[in-house]
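A short write-up of the structure that comes next.
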Amino acid sequence: MKRSLGISLLVAGALLLASCGGKGNDKKAETAAEPVALDYQFGVNQAFHSDTPVTYSISFSDASWYPMVDTWKTEGVFKKIKDLTNVDLDITSYDSGDYNQKINLAINSGSATYIIPKVYSEDQYVAGGGVVAVSDYTQYMPNFTAFVEKYNMQPDLDTIKQSDGKFYRLPGMHQAALQDYTIMVRDDIFTAAGFDVRELEKDWTWEKLHDVLVEVKKYMVSQGLCKQSDYIWSDLWCGESGKGQGGNLLKLMGSSYKVLSGWAIEGSNGGIKWDASKKEFYSSSISDDFKKFITVANSFVKDGILDPETFTQSDEVAHNKFYNGKTVIMSTNRSQLANDIIGVQKILGDGPKCYVTAYPSGTTKDLAETSRLECGVMISQKAREELGEEGFIKMMRFVDWLFYSSDAYSLIKWGPEGETWQWADVGGKKVKQLLPGYKCGGLGISGGDDDVDIRLQWGYAGGNYYYGHSTAESTDNFTPDVQDLYARYGKYKTVATVDPVAKPSEDEREQLNLWATPLIDNINTWTLNFVTGKKDVNKDWDEYVASCKNLNIDSIVEMTNKIYKAQ
C-alpha cells in the first residue's frame, strides 16, 4: 500500500472549500469539521487500502436488463474492489423500478445503508436529518477537491447547496455536460420513403418529425409493412421505467419547449423554471410553452404514429417491437445503441440500417442536459453514528477513491487492465480496447454470440458506481458512431445556461414538498391524458390550469421567488 500523510492536500482542500465563492459559503465554513490527521490519509489517485478488514453497507439499484449475479461478488467488480482496498461491500439490492421508494423507506426508518449511490435528488431527505451534510467532509476527499479545483466546479456545486450553505449529495461531476439520450430510426425505411435523415436532423423540429413520420407510415402501408391501424413508434423508458411520468421521451420533448416534463419534473416543485428576462421563477407546467409541447406530443398519438402503450409498457416490449420491424423509431442512448443495432440484425438480418440522430428541436435548440452534475451519493447519518468520527472519515476516504479516483473509475467501468481490456494504438491515438472474447452492452461495445459480456458476467460498466469524470474518461468507450453523434450535437444544437437555484430552509422545504407532491402527481396525470388524447388540449386547458392552482402552484412560485430574493 502506498502511504502519504497528504497534509498539504488536506490544507489545500480545506482552503478550496473555504475560499470558493457563492452565497452561503460563510455559514458552511463556520460549521465544517476540522481537518483530522490520520495514518491512512492518501493523495489524488493514490489507492485506498484499509490495514484491517472493514465492511461498509451500500445500496444497489438492480436493473432487470443486467441483473446482479453471484459472479459479481465472487470474481467480478465487488471482489476486485475488496482485493484492492480490503473493504467488503455489504450490498442491499433493490429493483431499479422502485429504487427511490425503497431507499426513501430505509432512510425514514433508520435502516439505510451507509453509502447510498445513484440518487438524483436529495432534497426530500435533508429536513429529516437522515443523511449527512457531505460538504463538511470533502476536505478529507482529495480526488473530489482536486476535480472541483481543476474544472471550476464550485458554481455547479452551489446549485445543490441547501439553505444552510451545505450540500448533502456527492454528485457525479463532468468536465463538460454530455447529452446521453436521443432517438434511433430505421434509416433504410426512411430512405425508401424518400427522406434523408442526415439532412433533416440539421434543423428539424418535432413538428417536422411528425410530418415525416406520417409520410413514412403511408409508405409502409403501401408496401404491406404495416396496417393503417398500426403504430410505427412505440417507445421505451416511458412506461414502467418512466415512473408514470412519461420518462425520457417527454423529458426530451419538453426541454425542446422550455418545459420540465417526464423524468425532468421530479424534484422541480411543479415544473419551476427561471425566466432570465424577468429574473424570476415561474411554473413551466402551466405556461404557453407547455400548451405547445403537449399539443405537439399529442399529434403523434392522434395521427396514429406514437403508440399510447408507450406510457404503460415495459422496455422489453418496446425493444421487441423495434427489433421485429414493427416500429421504425425508438429512443436510445450511448450505452444502449450498439445493443439496439444488434437486436435488429439478429431478427431481421443485415439489410435493415439504423441511424442515431440528433433529436429534434422545438422552440429552442438547447440540449436537455445543462448541468455538469448528475446523480450522486448520499451518506446516511447511521454511518456516522455507528462508525464514529475517525471511522467515518476513513469511510469517506474510501468513497472518495471509489467514486472520484481515475483508477477506481477505470476498474468499475472497464474491469482490470490486462484481464478484460488493454491499451491499443488506433490511428496514432492510445485507446482502451476490450480483449478478444469480450463485449459489453454497458460500454456500447458489441461482439459475437460466444463473447462474454463483462457487465452481465462481472458487473463492470454498471450504472451504480461510476459517473462523471473528465471528458476523456467519460468518452473513452465511445465508438466512432457515438463520436459522430456528439459532433453533430455541436453543429445542430446549443447548450442552455444553468438556472439559478432557490435554497429553502428546512421548514420552507417541508412546505414546498407538501404542496409539490400532489401537484406533480396532478401535472403528470394531466400531461399523459393530454398526450394520449384522453383530455383535449383546447377544451380542457382551463380546467387543467385551475386544478394546478387549486393545488398551490401559485404559492410555490411565490415562495420560491421570495426565498431566492432573500438569499
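The values are calculated or read from the model by the stated rules, or taken from the named source; none is laboratory data. Here the structure is a predicted model, which means the values were calculated and not measured. Positions of Cβ are backbone-derived with ideal geometry, glycine not excepted, and every protein chain shown enters the neighbour counts. Please note that ligands, DNA and RNA were not included when accessible areas were found on the heavy atoms of the full protein model with its side chains. Shrake-Rupley method; radii C 1.70, N 1.55, O 1.52, S 1.80 Å.
Results, tabulated for the structure shown:
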item	result
Filter result for the condition that a residue is closer than 30 Å to Thr295 by Cβ and either in a loop (DSSP other than H, G, I, E, B) or in contact with a Pro (Cβ under 6 Å, 6 or more places away or on another chain) (or both), over Thr497, Thr527	Thr497
Of residues in region 262-291 being open to solvent by 30 Å² or more (accessible area, probe 1.4 Å), part of a strand (DSSP E or B) and not acidic (Asp, Glu), the one nearest to Glu543 (Cα to Cα)	Tyr282
Residue within region 113-124 that is without any contact (Cβ under 8 Å) to a residue 40 or more places away in the chain, open to solvent by less than 40 Å² (accessible area, probe 1.4 Å) and part of a loop (DSSP other than H, G, I, E, B) present	no
Unmet requirement for Tyr181, which otherwise passes all of (1) surrounded by 22 or more Cβ atoms within 10 Å (Cβ to Cβ); (2) touching a Lys or Arg at 6+ places or on another chain (Cβ under 9 Å); (3) more than 30 Å from Leu387 (Cβ to Cβ)	(1)
Residues being of a type in the set (Asp, Glu) and open to solvent by less than 10 Å² (accessible area, probe 1.4 Å) - total across region 234-249	1
Selection within region 84-105 - open to solvent by 10 Å² or more (accessible area, probe 1.4 Å), in contact (Cβ under 8 Å) with a residue 40 or more places away in the chain and more than 22 Å from the chain's Cα centre (by Cα)	Leu84
Test for Thr479: is it touching a Gly at 6+ places or on another chain (Cβ under 8 Å), touching a residue at least 12 places away in the same chain (Cβ under 8 Å), hydroxyl-bearing (Ser, Thr, Tyr) and surrounded by fewer than 17 Cβ atoms within 10 Å (Cβ to Cβ)	yes
Those residues of region 490-514 which are touching a Ser or Thr at 6+ places or on another chain (Cβ under 6 Å) and either surrounded by fewer than 16 Cβ atoms within 10 Å (Cβ to Cβ) or hydrophobic (A, V, I, L, M, F, W, C) (or both), in sequence order	Ala496, Val498, Val501, Ala502, Ser505
Identity of the residue in region 424-471, polar (S, T, N, Q) and in a helix (DSSP H, G or I), that ends up nearest to the chain's Cα centre (by Cα)	Thr471
Looking only at region 184-208, and only at residues there that are basic (Lys, Arg) and surrounded by fewer than 15 Cβ atoms within 10 Å (Cβ to Cβ), the one that is nearest to Ser335 (Cα to Cα)	Arg198
Residue ID - nearest to Ile232 (Cα to Cα), chosen from residues in region 324-344 that are open to solvent by 30 Å² or more (accessible area, probe 1.4 Å) and touching a helix residue (DSSP H, G or I) at 6+ places or on another chain (Cβ under 7 Å)	Asn324
Criterion: on the phi < 0 side of the Ramachandran plot and surrounded by 17 or more Cβ atoms within 10 Å (Cβ to Cβ) - qualifying residue of Asn524, Asn538, Asn550	Asn524
First in region 527-544 and at pLDDT 95 or above, second anywhere and in a helix (DSSP H, G or I) and open to solvent by 100 Å² or more (accessible area, probe 1.4 Å), Cβ under 6 Å, 6 or more apart	Gly533/Lys302
Qualifying position, being surrounded by fewer than 23 Cβ atoms within 10 Å (Cβ to Cβ), modelled with pLDDT of 95 or more and closer than 30 Å to Leu105 by Cβ, among Glu374, Glu385	Glu385
Verdict on Ala487 being of a type in the set (A, V, I, L, M, F, W, C), surrounded by fewer than 18 Cβ atoms within 10 Å (Cβ to Cβ) and part of a helix (DSSP H, G or I)	yes
Qualifying residue in region 444-454 (condition: under 27 Å from Asn86 (Cα atoms), open to solvent by less than 20 Å² (accessible area, probe 1.4 Å) and either in contact (Cβ under 8 Å) with a residue 60 or more places away in the chain or acidic (Asp, Glu) (or both))	no
Inter-residue pairs, beta-carbon under 6 Å, first at positive phi and touching a residue at least 40 places away in the same chain (Cβ under 8 Å) and in region 316-332, second surrounded by fewer than 20 Cβ atoms within 10 Å (Cβ to Cβ) and among the hydrophobic types (A, V, I, L, M, F, W, C), 6+ apart	Gly325/Leu348
Residue, surrounded by the fewest Cβ atoms within 10 Å (Cβ to Cβ), within region 41-57, restricted to residues that are of a type outside the set (Gly, Ala, Ser) and at pLDDT 90 or above	Thr52
So Asp211, is it farther than 14 Å from Lys321 by Cβ and either in contact with a His (Cβ under 8 Å, 6 or more places away or on another chain) or surrounded by fewer than 19 Cβ atoms within 10 Å (Cβ to Cβ) (or both)	yes
Which numbered condition Gly129 misses (of (1) modelled with pLDDT under 95; (2) assigned to a helix (DSSP H, G or I); (3) open to solvent by 20 Å² or more (accessible area, probe 1.4 Å))	(2)
